[in-house]
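To keep things clear, I will list the structure first and then write my remarks on it.
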Amino acid sequence: MSILLVADHDNSELKDTTLKAMAAAQALGGDVDVLVAGEGASAVAEAAGNINGVRKVLHAESSALGHGIAEAFEALITPMMDGYEAVMFVANTTGKNAAPRIAAKLDVTPISDIIAVEGQKTFKRPIYAGNAIETIETSDSKLVITVRPTAFEAVATDGSASVETIDAPGGDYKTEFVSEAIEDSDRPELTAAKVVVSGGRALGSEENFQIIENLADKLGAAVGASRAAVDAGYAPNDYQVGQTGKVVAPELYIAIGISGAIQHLAGMKDSKIIVAINKDGEAPIFQVADYGLVADLFKAVPELEAAL
Amino acid sequence: MKILVPVKRVIDYNVKARVKPDHSGVDLNNVKMSINPFCEIAVEEAVRLKEAGKATEVVVVSIGVQQTQETLRTALAIGADRAILLQSDDDLEPLAVAKVLKAVIAEENPDMVIMGKQAIDGDNNATGQMLAALLDWPQATFASKLELVDGGAHVTREVDGGLQTVKVSLPAIVTTDLRLNEPRYASLPNIMKARSKPMATKAVGEYGLDLAPRLSVKSVTEPPKRTAGEIVESASELVEKLKTAGVLS
């Protein structure tokens, strides 16, 4: 099979998630080309060449691609699919935005958020907020897939594939980039961090949420939040962990003041070790936690920080 | 401006899905069904645009079994003007749904389609994008803010790093994220009023489209279970345990 793997990056850095999606591509088997579509993303293309097992890197540049405009991805990738049997994206907001659009153009049903490759046409994916796992087989001749990166181990980066520049369609798109507010943080990326500290509604305010951030900084961790905390404005949207937010699977996940709604559990229950701190001993989070501390978080978190 | 809002009837948000013992799917017998939460947000947004005098008509459409009427009545009670039920006993895939919606759009000619970013059953997050592709319309997915401007709409999108604002020309597809709005509780008078609002019904088959599934479900299983671990007494004990487990140095 020949596979086009679309790199996940922010125009300056190649994300680890690409290495994990590469593992899914390799499980499918065959030649894998990596597409770096962005703006000013030469360093990303170079880094993509180091991904183990890559046949070649294709590098396309345009402003619309750099901003993740779905129409631009459609215009670029759909014609390329004459030469590939599968296109794979990381199941992040860019991948989720673009992949189904390409699938519709190819007249295929996309396969979202796979967590295992069972065969050339057979995949596992979570449904119902991860309360069920379906194994599906596609009859489509072209595959359009998004990969849940936390379900795969990153491949090594000692390859040396060549980088080929390809033209991005000029395209007069009906979607125009206006502005963005992207958090610039020194913390590790939420979906790639080894340790995640998440806060919930019990924090009570944006100011109080600071104690989550402090603990995270002490641990070198990423910061997450429950939907309730984000809805209440205690934390920004890109912190949200859950069914419709980010899916994380760190070595250590510390849930503080989070009750553990199924929608939240869907985003973190594959973490290796889960710690729950909550004053309600009956909170459902304790049913999935390896270690639970039934305590007032405003007392327990400073104590925890001091004990580190 | 006319707005079309596709909605889906799904398992209620608060109900935990249970896998059937024969692994053929999720058991939906005697399970509470509701309007998909993201679809409800879409209806609310469209109705707010109408209340603000920016939209003239809000039409809701759903594909599903007979009982999907209830889902459409919920949308009418929020404030949609009329409903279209396209009956089908099959669980259509996103591609098929997008094809049907394209046919509806050819009849209804809306200026904007607002729909949920994903349904909480299949969790595909695909139909809106696919519909946009089939129509060659722009798409603004995962919207947390929608503002009509000259010649289009400014949509703020929830993306991985934070927020992105794009301008789409109309007609366009907008898919909703959780924080676009907080849907109202329909008042009793509005629920009563919804009963007499028009609801057209037809069979999906009438469109003569190829809606054959492309995916076959081989099995549906429970995810690996996590079991509750131990309760520790103090923060210092917790740190000790985490060090022993090798996740803290």
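If you go through segment A:166-181 one residue at a time, do you hit one that is away from every other protein chain (no Cβ under 14 Å), under 28 Å from residue B:242 (Cβ atoms) and either touching a helix residue (DSSP H, G or I) at 6+ places or on another chain (Cβ under 9 Å) or not acidic (Asp, Glu) (or both)? No, segment A:166-181 contains no residue that is away from every other protein chain (no Cβ under 14 Å), under 28 Å from residue B:242 (Cβ atoms) and either touching a helix residue (DSSP H, G or I) at 6+ places or on another chain (Cβ under 9 Å) or not acidic (Asp, Glu) (or both). Scoring residue B:239 on the criteria (1) at negative phi; (2) more than 7 Å from chain A (Cβ to nearest Cβ) leaves a single failure, condition (2). In segment B:21-31, is there at least one residue being farther than 21 Å from residue B:220 by Cβ, open to solvent by less than 60 Å² (accessible area, probe 1.4 Å) and either of a type outside the set (Gly, Ala, Ser) or not in a helix (DSSP H, G or I) (or both)? No, the conditions are met nowhere in segment B:21-31. Only one of the listed residues (A:306, A:249, A:289, A:229) is of a type in the set (A, V, I, L, M, F, W, C), at the interface with chain B (Cβ under 8 Å from one of its Cβ atoms) and either closer than 21 Å to residue B:163 by Cβ or assigned to a loop (DSSP other than H, G, I, E, B) (or both). That residue is A:289. The condition (being farther than 25 Å from residue A:245 by Cα and either more than 17 Å from the chain's Cα centre (by Cα) or modelled with pLDDT of 95 or more (or both)) is satisfied by just one residue among B:41, B:35, B:78: B:78.
The set of residues from segment A:249-305 being surrounded by fewer than 21 Cβ atoms within 10 Å (Cβ to Cβ) and under 17 Å from residue A:220 (Cβ atoms) comprises A:251, A:272, A:273, A:305. Residue B:46 falls short on exactly one of the conditions (1) surrounded by fewer than 22 Cβ atoms within 10 Å (Cβ to Cβ); (2) within 11 Å of residue B:114 (Cα to Cα), and that condition is (1).
Could you check, for segment A:233-244, whether at least one of its residues is within 27 Å of residue B:243 (Cβ to Cβ), small (Gly, Ala, Ser) and in a loop (DSSP other than H, G, I, E, B)? Within segment A:233-244 (the criterion being within 27 Å of residue B:243 (Cβ to Cβ), small (Gly, Ala, Ser) and in a loop (DSSP other than H, G, I, E, B)), the answer is no, since none of the residues qualifies. Under the condition of being within 10 Å of chain B (Cβ to nearest Cβ) and under 16 Å from residue B:13 (Cα atoms), the residues counted in segment A:252-271 number 5.
Where strands (runs of 3 or more DSSP E) fall entirely within segment A:135-216, those with at least 1 residues that are open to solvent by 40 Å² or more (accessible area, probe 1.4 Å) and either without any contact (Cβ under 8 Å) to a residue 24 or more places away in the chain or farther than 23 Å from residue A:236 by Cβ (or both) are at A:162-166, A:175-182. Taking the stated definitions as given, is residue B:97 under 16 Å from the mean Cα position of the chain (by Cα) and open to solvent by 10 Å² or more (accessible area, probe 1.4 Å)? Yes: the conditions hold for residue B:97. Against the test of being surrounded by 12 or more Cβ atoms within 10 Å (Cβ to Cβ) and in contact with a helix residue (DSSP H, G or I) (Cβ under 8 Å, 6 or more places away or on another chain), the options B:204, B:166, B:220 yield a single qualifying residue, B:204. Screening A:179, A:226, A:160 for residues that are polar (S, T, N, Q), out of contact with any strand residue (DSSP E or B) (no Cβ under 6 Å at 6 or more places or on another chain) and not assigned by TED's automatic domain parsing to the domain that holds residue A:25 leaves exactly one candidate, A:226. Considering only residues in segment B:138-160 that are in a loop (DSSP other than H, G, I, E, B) and open to solvent by 30 Å² or more (accessible area, probe 1.4 Å), the one that is nearest to the other protein chains (Cβ to nearest Cβ) turns out to be B:160. Only one of the numbered conditions (1) touching a helix residue (DSSP H, G or I) at 6+ places or on another chain (Cβ under 9 Å); (2) open to solvent by less than 50 Å² (accessible area, probe 1.4 Å); (3) more than 14 Å from every other protein chain (Cβ to nearest Cβ) is violated by residue B:56, and that is (2). Being open to solvent by less than 10 Å² (accessible area, probe 1.4 Å), among the aromatic types (Phe, Trp, Tyr) and within 10 Å of another protein chain (Cβ to nearest Cβ) is the requirement here; does residue A:123 meet it? So residue A:123 fits the description; yes. Scanning segment A:38-57 for residues that are closer than 14 Å to residue A:162 by Cα and either open to solvent by 10 Å² or more (accessible area, probe 1.4 Å) or within 14 Å of chain B (Cβ to nearest Cβ) (or both) gives A:42, A:43, A:46, A:47, A:50, A:52, A:53, A:54, A:55, A:56. Among the residues of segment B:71-105, the ones that are assigned to a helix (DSSP H, G or I) and charged (D, E, K, R) come to 3 in all.
The values are calculated or read from the model by the stated rules, or taken from the named source; none is laboratory data. What you see is a predicted model; the values in this text were computed from it and never measured. Methodologically, a virtual Cβ is constructed for each residue, glycine included, from the backbone with ideal geometry; neighbour enumeration extends over all protein chains shown. When the accessible area is computed, the model is the full protein with side chains, heavy atoms only, and any ligands, DNA or RNA have been set aside. Shrake-Rupley method; radii C 1.70, N 1.55, O 1.52, S 1.80 Å.
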